[in-house]
Amino acid sequence: MSVYAWRMAAKKKSAPKKKSQPARKATRKPAKKTASKSTTAKPLGPYTPVVRAGDWIIVSGQLGIQDGKVVKGGVAAQTAKAVENLKAQLATVGANINDVKKTLCFLTDMDTFATFNTAYVAGFGESRPARSTIGVASLPFGGAVEIEAWAFKPLR
């Protein structure tokens with residue numbers, strides 16, 4: 001038995017028994033959904049597209065995909081569509097692009113960084129979250145751009 005397990009067992013034995021209390025009603029309201037499921041793309045793999053963890057919202061990497069296919073038009077079009085998909089995922093949990101605090105972006109060709117930046121700025125408007133951009137060898141489905149995001153939206 002490890003020292004940790006031994007201490008935990010000792011605490012359980014010595015802890016005074018608590019009186020049972022009546023169950024309390026849950027006071028937390030579920031997050032509102034502002035977009036229907038039909039406005040967001042189905043995940044193309046075994047993952048959850050958007051997760052709320054307390055006040056934080058994590059959006060899985062979004063590709064420039066529409067109807068299961070990478071959009072045509074290169075990095076600019078894929079970036080615009082990835083940001084559009086990101087906005088749709090945020091909307092499903094009552095958040096928007098202004099709630100995004102950090103993005104992690106992947107490019108298959110760092111020579112397209114300037115083109116990516118132009119489309120990214122257009123999609124994010126005045127919002128300027130912290131960002132990391134990484135060059136990668138490839139992305140799923142032959143995409144050239146992927147954008148993951150972390151947003152902060154208190155439950156209240």
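Annotations for the structure displayed:
- Those residues of the stretch 92-114 which are surrounded by fewer than 18 Cβ atoms within 10 Å (Cβ to Cβ) and either touching a helix residue (DSSP H, G or I) at 6+ places or on another chain (Cβ under 7 Å) or modelled with pLDDT under 95 (or both), in sequence order: 96
- Selection within the stretch 101-135 - within 19 Å of the chain's Cα centre (by Cα), of a type in the set (Ser, Thr, Tyr) and in a helix (DSSP H, G or I): 120
- Note on the stretch 136-151: among residues that are among the β-branched types (Val, Ile, Thr) and part of a strand (DSSP E or B), the one that is farthest from residue 50 (Cα to Cα) is 145.
The values are calculated or read from the model by the stated rules, or taken from the named source; none is laboratory data. Just so we're clear, the structure is a prediction, and the values are computed from it rather than from any experiment. Note that we place each Cβ from the backbone using ideal geometry, even for glycine, and neighbour counts take in every protein chain shown.
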